[in-house]
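Before any comments, here is the structure.
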Protein chains: 2
Amino acid sequence: MSRHATKLFSDRKVSAELVGDLQDLIRHAATAFNVQPWRVVVVESDAQKEALSEAAYGQPQITSCSHLFVYCANTDLETLVSRLEVKSTEAGLPAESVAAYIDMVQGFTAGLTGDNRLAWAQRQTYLALGNGINGAKSLGFDSCPMEGFDSARFAEILGLSDNLIPTVLMPIGYADSDPRGKLRFDREDMFFQSA
Amino acid sequence: MSRHATKLFSDRKVSAELVGDLQDLIRHAATAFNVQPWRVVVVESDAQKEALSEAAYGQPQITSCSHLFVYCANTDLETLVSRLEVKSTEAGLPAESVAAYIDMVQGFTAGLTGDNRLAWAQRQTYLALGNGINGAKSLGFDSCPMEGFDSARFAEILGLSDNLIPTVLMPIGYADSDPRGKLRFDREDMFFQSA
């Protein structure tokens, strides 16, 4: 409840240990069929933040943050499902269960074509984002989810392969600005009881 | 980290107070520009769960849960932005700031046309879902995010207006099944440091 989108960060860096802890919280986000169709680029160098800042309309979070997490949807579901098969086998699951499970997931991913594939991967990415922003606060630092940036330009600057689509940004650090009030609609505006 | 997708729920009901607390955690999910483009239908009656179960391939979570949260993306962004304007004014923000803010948000939402509008609203809905599933665990009960259901049929059964698109389900309750191991890729598979 105390999480806010931080508009400006102080000079204080988030420790490598806390960054690792945050990565683990993100990694454990819910994901349909365990597919985990996303990857995150972690940007720490000032030079690269500067370069990316131009592709994010100069918003000050990009250059003032400690680390910039670039959440990318990963549309190469086939590779992910193969990896899932390996991991499931390594986890000691019975071969038949693994085969049946992988068959089911492959059936599902094969049906995700065109725009649907990216849209689905992006929705999963937002679950990872949610764990990231809540996780950062739970670990004692701040973040700012940001959709306003040029995805194609980010991919180019970061040299990403075609299957990774920059989807949402999450600069992290320690806030150097007062949180603005959270403006939320009322319970009765957002929930209704079915008849 | 201890959250798991619950495949079967016990008979124990989640109290009305806890359901309200969960709604508040969901309500405070991050949302771009504060637009909050989603609504949740809360289904409690057995008859309705039965009716919906058929449209969710008979998965036992639907009928065994205490409450079924049906997260709907809300594509009527214009109404939401109007409500945001009223809320901002009521919150005592200066009239010029409100006007500038609403102008900016209207510019953004006007650019969200066709499939992009629904895709965007659905991504925001997944942030609300993330707060819901993590929030349930933090409040001491369980949940199961579910994408496998017939959205159009749900809308019909629930009598939803056209702007509300059932996007993801979240039955809640107390688990009556052992959690399955969480299968997650390694840190190095999911994160990479930019050069």
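We did not get these values from a lab; they are worked out from the coordinates using the rules stated. Predicted model, so just to flag it, every value in this text is computed and none were measured. Every residue, glycine as well, gets a Cβ built from its backbone with ideal geometry; the counts of neighbours run over all protein chains shown.
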Lys and Arg at +1, Asp and Glu at -1: add these up for the other residues within a Cβ distance under 10 Å of residue B:24 and post the number.
+2
Given the candidates A:175, A:67, A:26, the one whose Cα lies deepest towards the positive end of the charge dipole of region A:16-177, counting +1 at each Lys or Arg C-beta and -1 at each Asp or Glu C-beta, is A:26
Per-bin percent of Cα-Cα distances, the protein assembly as shown [20 Å]
28, 60, 12, 0
For residue A:167, other-chain or 5+-apart residues with amide H closer than 5 Å (H placed, Pro excluded) are A:71, A:72, A:73
Counting Lys and Arg as +1 and Asp and Glu as -1, each charge on the Cβ, what is the dipole of region B:127-192 about the Cα centre in debye, to the nearest 20?
200
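At 222 nm, what value in deg cm²/dmol follows for the protein assembly as shown if DSSP H runs of at least 4 each add -39500 (n - 2.57) and the sum is divided by all its residues, to the nearest 500? If you can, show how the numbers build up before the last one.
On the way: 16 runs with 186 residues, N = 390.
Estimated from H runs of four or more residues: -14500 deg cm²/dmol.
Quick one: Cα convex hull volume of chain B, Å³ per residue?
Hull volume over Cα atoms, normalised by residue count, gives 165 Å³.
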I'd like the distance separating the alpha-carbon centroids of region B:152-195 and region A:133-195, in whole Å.
18
Tell me the distances, shortest first, between residue B:188 and the same position across the other copies, using label points 7 Å along Cα→Cβ, in nm to one decimal.
5.7
Give a residue-ordered list of calculated ³J(HN,Hα) values for region B:99-104 (Karplus: 6.51 cos²θ - 1.76 cosθ + 1.60, θ = phi - 60°; whole Hz; x for Gly, Pro).
4, 5, 5, 5, 4, 5
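Would you please put B:23-36, B:83-96, A:10-23 in order of how densely packed they are, using the mean number of other Cβ atoms within 10 angstrom per residue and starting with the highest? Don't jump to the answer; show the numbers that get you there.
Numbers: B:23-36: 20.8, B:83-96: 13.2, A:10-23: 15.5.
Most protected by this proxy first, the peptides run B:23-36, A:10-23, B:83-96.
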Peptide A:19-32, shielding by other chains (average Cβ, 10 Å cutoff)
4
Quick one: what are the phi-derived ³J(HN,Hα) couplings along region A:92-97, Karplus 6.51/-1.76/1.60 with θ = phi - 60°, whole Hz, x for glycine and proline?
x, 5, x, 3, 5, 5
Region B:55-132 and region B:1-32: distance between their alpha carbon centers, rounded to Å:
19
Proximal lysine pairs, chain B, alpha carbons under 19 Å, eight or more residues apart or interchain:
6
Please average, across the residues of B:117-123, the number of beta carbons from any other chain that are within 10 Å of each residue's own beta carbon, and give a whole number.
4
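Other chains' Cβ within 10 Å of A:127-134 residues: what's the mean? Kindly include the intermediate steps, with their values, before the conclusion.
Details: counts 9, 3, 5, 11, 5, 1, 5, 10.
Shielding by partners across A:127-134 averages 6.
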